[in-house]
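The values are calculated or read from the model by the stated rules, or taken from the named source; none is laboratory data. Since the model is a prediction, treat every value here as computed from it, not as a measurement. Quick reminder, even Gly has a Cβ in these numbers, built from the backbone with ideal geometry, and neighbours come from all protein chains shown. Just the protein is used for accessible areas: all its heavy atoms, side chains included, with ligands, DNA and RNA removed. Shrake-Rupley method; radii C 1.70, N 1.55, O 1.52, S 1.80 Å.
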Amino acid sequence: MATILGGPILWLSVFLPVLAGLIAWLAKAESEDAARITAGVSAILLAIPGALVAGLYAAGMVSQGVLDPVYAHFKGIGTLALAIDGLNAPIVLGVSAVTAAVAVYSVRYMLTRIEEMKAEGEDTPGMGAYFFLYNTFAAAMLGLAMATNLVLFYIFLELTLVPSFLLIAYWGYGDRKRISLLYFVWTHIGAVLLLTGIIYYGVKLGTFDYLLVPQLKPLGPIEGALGSAAKIVAVLMSVGLFVKMAVFGVHMWLPYAHAEAPTPISALLSPNLIGLAGYAYARFVIPSFPTILAGWRDFLVALAFTTIIYGGLVALTQRDFKKFLAYSSVSQMGYMLLGLATLTSIGIAGAMMHYLVHAIGKALLFMTAGVFITDLHSLRDIRLMGGLARKYPLTAALALYGFLHLAGMPPSPGIWSEWMILVGLYKVYNHPLTTLFSLALVTAVALTVSAAYSFITMRRIFYGQPRSDRAREARETRNAMIASMFGLLLVGFLVFILATPVINSLMSTVSLVIAGLH
Amino acid sequence: MSLATAGVIEGLLYGALAAGLLVPLTPRERSRPALALAWIGVLLYSAASALTLAYTLSHGPLELYSRLVIYDRFAAFMASIAGLAAILALLSIGSQAAEWPSHPAYYSLLPIILFGVYMITGAANAVMVLAVWLLVSVASYVVIALPGDAESRAAAVRYILMGAIATLFLAFWVAVHAVATSSVALAPPRTDMFDFSLYPQASIGALAITLFLAALGFKLGVVPFHWWLPNVYARADGRAVSVVAGVAKVGFIAVTARLIYYAASPANAKALALLLAGLAVVTMTYGNIAALTTRDLQAILAYSSIAHIGYILTALAAVAYLKGYAGATAAEAALAAIAIHTLAYATSKSPLFAAIGAKPEPGFRSLRGLLRTSPGAALAVAVLLLSLLGVPPLVGFWGKLYMFMAAIKYSIPLVAIALVNSGISAVYYVIAIRELAAPEEPVEAPPASVVATLTAAALIVLVVGLAAPYLYSLIIP
């Protein structure tokens, strides 16, 4: 039985950041000081759900879940509620930590970006509008993670889309008009495919709930209730979520959107938003269609490996730092999908853990890219970098910690998530011996590619001789950008050393998710 | 009780009609009295429709004029939507129409059209439909021609031509219906349109429905009867289109939905649903693809009107199918979904057309850079366009959700096609929204009345969107 919270903390944690952003926008908070205040308030508000999750972990209350006391039931729709349980606690923590840190980080970056655009003769909306869109985007992701009902889920999904589209369209780089449209249309098509499946689900079951309120138990398998249409619904939901997640084959939109978005937004889009589709897969697709998914297991594992290796190899060939990071996101989503595809509790728990790992690691790296863009006149080309570790010792350390997340090495929690995903994989594919060996080979290739692109890029950027004047004349300054990155590093390190409650509560909740398989 | 309510409603409607008819008596050189009369007419109508809605919600169906007009919840809700759209149109256009050469006609015709919309929404009799159809149609032709410029007049001629053909179909329907359903040769023909048990043969019933659908297909812009619509909606003055597309159309949607609801039976449900689903697919696909090919805001709104009729046809196919196979309750839920969607359609289209008409500019110019010159108006336009696209939590999302929830009980592929269409439509809506922030020379701020109307409509779309599940549960029995 879930604990019902004493007040509507979860709804408020979604609503208040939007309100703060709206006030900043309406009050025309454009000056540097005003932007700092807005960023501080936003960061505190966005950090609340993360702090709540940390407290719940400490109190050992995550496994059975907590429910917001405000919820409403509608005939034919189900119950619209927000809740945190073992499965989404790491997701909420990841979204909360990254959005709070990036809110602080945004100020200097966006002021520079707006000035730069003005110098080019472009008129852009100011910081107030930025924080309104930023906070709405962040809050919608929090809502997405905490929703218990498919209609609510879809509402938050579209609510992430509109502000992120506008953020790219206003402050993005390159051909931002075309790219923002590409982003909107692609992910909207993913969303409507998902919606088709959602509608059928809701109509057949008479409710759109995927978590029963107030018990917070999954609805369980619905293949029987959907009959012959179950497979179609499973395909629609899977393809819809895979587009959002940018799995190999439907990933084309991602490198453009994530590379050309303003960097703070890349840091939200890349790890947070796309990973939420993987979370959704564990939240309602796997528990609903266990038998169908068991039939797809081999295909999904192959798709996951393809995504990992393809994304990694393409990332290696990139010259643009941000595009490199975007392709590495495709690759990392492959790990998440791999964990999900095993359909084992440890594999799925590993995938959720990997969400948190990737959120921290990739955000750190995008923030690194943003530091260079701000300080070094939009330097993004890796070929023009080199030797930056001497000029930027702190940034280099932070970036290295980010790369360790991608490569799955301690002292980053990446070691836990990748280990869990691989244990899940070998729990399923342990005989005959030929399967085991060939999978071991593929795994070795995948892990090598990930390690290779991480450390080769680290070397190209930070070591060797500087390859341009911009890199030669660089000098690190201590500012809020670096401070916010240290905040994220701290979260990552804490998760690394205090992983036990996260993993334990994940494992106990995931056993409900895959209950239908046995 | 019913008699007293009926008396009050009829009185309000006559008041509205009288206000419209009194306008020509006001002095030509001053537009104030005419505008005031138009407001009186629109508000009296709104009161009548709101009262009808309140009555049907609490007491069940309301019969007026010895069963020539029968109001159920769906019809009452639709009539109220027309009232809301008319208020928005008049608020936006206000005294602007005074610039037109024969401006009193506009103020006079708006209440008269509303009177007709009320009658056609609740119509239960074929002759009644024909009579009010003529009233609304002729008034609409005049409204389109009113601005007096060459484009408007050309559009009006096309509109009249289409209207004449559509009226022929409708008259033919009334004739077939009246002759086929008369049991005794010498008895006066029976014309109550919802009693399909009167048809001696199913094939004649099918002929009647086909004729009716052809006539209404013209009015609504269903492919292949749509050819006139882009010309009229895209070329005529937006302020005139606002009334035709946002107000009068609601009545035509309502009568179509009601006839299909009553016509569907286990015997014909499959064929009828298939016909409607086919029309839905071609209509929405045509509308969306055509909208993608144009870079003109008013043309996009015109084509998206066709696409929206396609979505509504999807739900109508469900109405037919569910009435035949799942019973009246399921079909009524689909009707309620159409009502929600029509609300979304009318509250967005009416103010948007009116806003464009207030300052006609080619292409996207009437939106360009609006965010800087009038942020409130820009935000409101964005909300209205997103509602048309179906982005939650705006009311357009709920309309589509409930319609497709009903339609999926009939056919998954149909809903998949509809949703893919809805996804494609993102392109042109988003292009339009992006223009709001375009850096190039911005458009001047629109008149205050237009800004106020857009803001009001956006608030309605948002607030109703947040309360849509409640609203929906009110309409379904």
Could you tell me what percent of the accessible area of the protein assembly as shown is made up of carbon and sulfur, with a 1.4 Å probe and every protein chain present?
69 percent
Cα convex hull of the protein assembly as shown: how many Å³ per residue?
158 Å³
DSSP beta bridges in the protein assembly as shown, what fraction antiparallel, as a percent rounded to 5?
90 percent
Ranked by accessible surface with a 1.4 Å probe, highest first, in what order do A:ILE415, B:ILE9 come?
A:ILE415, B:ILE9
Tell me the accessible surface of A:VAL107 in square angstrom (1.4 angstrom probe, heavy atoms of protein chains only), to the nearest ten.
10 Å²
Return the value, in Å² to the nearest 100, of accessible area buried between chains B and A (probe 1.4 Å, both sides summed).
3000 Å²
Quick one: angle between helix A:414-428 and the longest Cα principal axis of chain A, in degrees between 0 and 90, rounded to 10, please.
30 degrees
Over the heavy atoms of B:ARG153, what accessible area does a 1.4 Å probe trace out, to the nearest 10 Å²?
130 Å²
What ranking, highest mean first, results for peptides B:258-267, B:377-386, A:130-139 when packing means the other Cβ atoms within 10 Å averaged over each residue?
A:130-139, B:377-386, B:258-267
Each label sits 7 Å from Cα toward the beta-carbon; between A:ASN479 and B:SER102 the label points are separated, in nm, by 6.8 nm
At least 30 Å² of accessible area lost relative to the chain alone, listed for the range B:434-469 with a 1.4 Å probe:
B:ARG434, B:ALA437, B:PRO439, B:PRO469
Per residue of the range A:465-472, what does 6.51 cos²θ - 1.76 cosθ + 1.60 with θ = phi - 60° give for ³J(HN,Hα)? Whole Hz please, x for Gly and Pro, Karplus curve as stated.
9, x, 10, 7, 5, 4, 6, 5
Between the range A:453-518 and the range A:362-420, the Cα center-to-center distance that results, in Å:
8 Å
Out of the DSSP beta bridges found with both residues in chain A, what percent are antiparallel (nearest 5)?
85 percent
Which residues of the range A:143-163 bury at least 40 Å² of accessible area once all protein chains are present, versus their chain alone (1.4 Å probe)?
A:ILE155, A:VAL162
Could you tell me the convex hull volume per residue, in Å³, taken over the Cα atoms of the range B:382-440?
56 Å³
How crowded by other chains is B:390-397, given as the mean number of beta carbons from other chains within 10 Å of each beta carbon?
4
Can you give me the C-alpha center-to-center distance between the range B:314-390 and the range B:246-299, rounded to a whole angstrom?
14 Å
At a Förster distance of 45 Å, what's the computed FRET efficiency of A:LEU394 paired with A:VAL235, Cβ-Cβ distance as r, to 0.05?
0.40
Kindly provide the helix-only [θ] at 222 nm of the protein assembly as shown, computed as the sum of -39,500 (n - 2.57) over DSSP H runs of four or more divided by all residues, to the nearest 500 deg cm²/dmol?
-25000 deg cm²/dmol
Please work out the C-alpha center-to-center distance from the range A:305-335 to the range B:1-60 and express it in whole Å.
66 Å
Among residues of the range A:194-210, a drop of 50 Å² or more in 1.4 Å probe accessible area, assembly relative to the chain on its own, occurs for A:THR196, A:ILE199, A:TYR200, A:VAL203
Peptide A:75-85, shielding by other chains (average Cβ, 10 Å cutoff)
2
Fraction of alpha-carbon pairs over 18 Å apart in the range B:82-132 - percent:
41 percent
Packing-based order for B:305-312, A:404-411, A:78-85, using average beta carbon neighbours within 10 Å, highest first
B:305-312, A:78-85, A:404-411
Solvent exposure ordering (accessible area, 1.4 Å, most first) of A:ASP381, A:ASP209, A:ASP175:
A:ASP175, A:ASP381, A:ASP209
Which whole number gives the average count of other chain Cβ atoms within 10 Å of the Cβ atoms across peptide B:317-328?
0
Using a Förster distance of 22 angstrom, determine the FRET efficiency expected from the C-beta separation of A:GLN215 and A:ALA51, and round it to 0.05.
0.30
Going out from 0 in 20 Å bins, what whole percent of all Cα-Cα distances in chain B drops into each bin?
26, 60, 13, 0
Show me the ranking of peptides A:368-374, B:336-342 by mean Cβ neighbours inside 10 Å, starting with the highest.
B:336-342, A:368-374
Solvent-accessible heavy-atom area per residue, rounded to whole Å², over the protein assembly as shown at 1.4 Å
32 Å²
Around B:ASN125, which amide H atoms from residues at least 5 apart in sequence, or from another chain, sit under 5 Å from its own amide H, with H modelled in the peptide plane?
B:MET193
For the pair B:ARG28 and B:TYR14, the simple spin-label estimate (label points 7 Å beyond Cα toward Cβ) gives in nm 3.2 nm
Rank these residues by their accessible area, most exposed first, probe 1.4 Å: A:LEU325, B:LEU22.
B:LEU22, A:LEU325
Report the calculated FRET efficiency for B:TYR65 and B:PHE172 (r = Cβ-Cβ distance, R0 = 22 Å), to the nearest 0.05.
0.35
